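Undergrad: Have a look at the structure that comes next, please.
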Amino acid sequence: MLTDEVLREVRELKQDCIVLAHNYQIPEIQEVADFVGDSLGLCRAAQRIDKPYILFCGVDFMAESAALLNPDKTVLMPDLEAHCPMAAQLPAEVLRRAKEEHPDAAVVLYINTRLEARAEADIICTSANAVKIVSSVPEKKVLFGPDANLAWHVQRHVRDKQIIPVPEKGHCITHLLFKREHVERAREEHPEAEVLIHPECTPEVQLLADHICSTEQMVRRVKESSAKEFIIGTEIGLVHRLRREFPDRRFYPLYERAICRTMKMNTWEKFMQQLRERKNVVRIDPGIAERAMLSLQRMLELSA
Ligand code: 13P
Ligand code: SF4
């Protein structure tokens with residue numbers, strides 16, 4: 001719990017700065033953020049910034065998206081080393097080689113990808129809109145990366161296209177921790193609970209879900225559902241948010257040790273330091289900015 005004195009200081013320091021935070025951030029950061037959401041919601045929020053600074057509490061690809069959308073503003077991160085390990089799994093040269101092998105394929109990349117590779121994509125997507133975005137491209141063949149589990153989820157829903165995962169086995173190390181046994185045990189312990197699973201989980205875990213959702217879709221599902229209990233198959237940070245927003249419901253983490261170390265690099269101390277000092281500026285290579293912006297804009301137009 002943050003004291004009144006701390007909250008007052010944050011309010012003062014925040015006068016010229018918008019704080020955007022992903023659902024996996026620590027509860028204190030979520031509490032003071034102007035907007036908390038999933039990757040898609042954060043991109044949309046980044047389109048409506050009316051202050052000169054954005055302090056982005058998430059990982060590299062999210063902050064870079066905010067910087068692309070706000071070239072005239074300063075985007076900061078509590079820790080510039082918060083690099084999503086999945087985003088690093090698709091180097092641009094691997095994608096370029098795949099494009100040469102499949103010249104007739106569209107390239108749809110998960111937003112969890114480094115900008116250099118995103119500059120090679122036709123369009124990007126998030127976990128919230130991947131099915132819609134892939135369905136929208138005219139090509140029958142689609143190169144999709146880096147998450148092979150999300151690719152599997154998309155293929156399950158888009159039957160008339162061939163989805164080619166690139167690399168073959170890209171994954172999120174945090175979501176890989178969820179196992180079939182966790183779902184089986186959780187269902188036994190909480191037979192009335194709805195099971196919500198993120199599409200970064202493996203196919204065998206996804207197959208046991210009641211609903212496959214992005215983090216923000218999980219929040220929406222809880223709002224709409226008449227169930228009183230939920231088993232949450234994603235990083236633990238979202239469970240904090242759900243417990244705060246829905247005190248009358250019960251939430252059980254599918255596996256409480258599923259913690260994204262990169263998201264948790266943004267500690268309260270580093271957050272406050274950037275609010276005060278504003279040194280950790282996110283910089284975009286001008287050589288790729290235009291093309292990376294194009295693939296991002298296409299997604300935002302399609303999911304408006
Ligand atoms: P969401 O867009 O569903 O929040 O997912 C982002 C992410 O990195 C999940 O690991
Ligand atoms: Fe990257 Fe996985 Fe962490 Fe999301 S949870 S930021 S995909 S490592």
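Undergrad: Test each condition in (1) outside any strand (DSSP E or B); (2) over 27 Å from His240 (Cβ atoms) for Leu109 and report the one that comes out false.
TA: It fails just one condition, (1).
Undergrad: Taking only the stretch 57-70 into account, find how many residues are more than 16 Å from ligand 2 (Cβ to nearest atom) and closer than 16 Å to Arg118 by Cβ.
TA: So the count comes out to 3.
Undergrad: I've got another one for you. Would you call Val108 more than 16 Å from ligand 2 (Cβ to nearest atom) and open to solvent by less than 10 Å² (accessible area, probe 1.4 Å)?
TA: Answer is yes for this residue.
Undergrad: Please count how many residues of the stretch 1-46 are aliphatic (A, V, I, L, M), modelled with pLDDT of 95 or more and away from ligand 1 (no atom under 12 Å from the Cβ).
TA: Going through the stretch 1-46 one residue at a time, the tally reaches 13.
Undergrad: Which is aliphatic (A, V, I, L, M) and in a loop (DSSP other than H, G, I, E, B), of Ile284, Ile231?
TA: It is Ile284.
Undergrad: Which of the numbered conditions does Ser226 fail, given that it passes all the others? Conditions: (1) more than 16 Å from ligand 1 (Cβ to nearest atom); (2) within 25 Å of Val59 (Cα to Cα); (3) among the hydroxyl-bearing types (Ser, Thr, Tyr).
TA: Answer for Ser226: the failing condition is (2).
A quick yes/no check of all residues on (1) among the basic types (Lys, Arg); (2) assigned to a loop (DSSP other than H, G, I, E, B); (3) open to solvent by 10 Å² or more (accessible area, probe 1.4 Å):
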site	(1), (2), (3)
Asp50	no, yes, yes
Ser65	no, no, no
Pro71	no, yes, yes
Pro78	no, yes, no
Leu150	no, no, no
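Undergrad: Then there's this: For the stretch 80-101, what are the residues that are open to solvent by 20 Å² or more (accessible area, probe 1.4 Å), in a helix (DSSP H, G or I) and away from ligand 1 (no atom under 16 Å from the Cβ)?
TA: Within the stretch 80-101, Glu93, Val94, Arg96, Arg97, Lys99, Glu100, Glu101 qualify.
Undergrad: Let me ask something additional. Restricting the stretch 119-142 to residues that are part of a loop (DSSP other than H, G, I, E, B) and more than 14 Å from ligand 1 (Cβ to nearest atom), which is farthest from Asp285 (Cα to Cα)?
TA: Within the stretch 119-142, the match that is farthest from Asp285 (Cα to Cα) is Lys140.
Undergrad: Would you confirm whether or not the stretch 203-213 contains a residue that is among the small types (Gly, Ala, Ser), under 19 Å from the mean Cα position of the chain (by Cα) and in a loop (DSSP other than H, G, I, E, B)?
TA: no
Undergrad: Find the residue count for the stretch 152-192, including only residues that are away from ligand 1 (no atom under 16 Å from the Cβ), open to solvent by less than 80 Å² (accessible area, probe 1.4 Å) and not in a helix (DSSP H, G or I).
TA: Matching residues across the stretch 152-192 total 8.
Undergrad: I'd like the full set of residues that are on the phi > 0 side of the Ramachandran plot and open to solvent by 60 Å² or more (accessible area, probe 1.4 Å), limited to the stretch 245-279.
TA: None; the set is empty.
The values are calculated or read from the model by the stated rules, or taken from the named source; none is laboratory data. Because the structure is predicted, anything quoted here is derived from the model rather than measured. Neighbour counts are summed over all protein chains in view; Cβ atoms, including those assigned to glycine, are modelled from backbone coordinates with ideal geometry. Side chains are part of the model used for accessible areas, which takes the heavy atoms of the whole protein and leaves out ligands, DNA and RNA. Shrake-Rupley method; radii C 1.70, N 1.55, O 1.52, S 1.80 Å.
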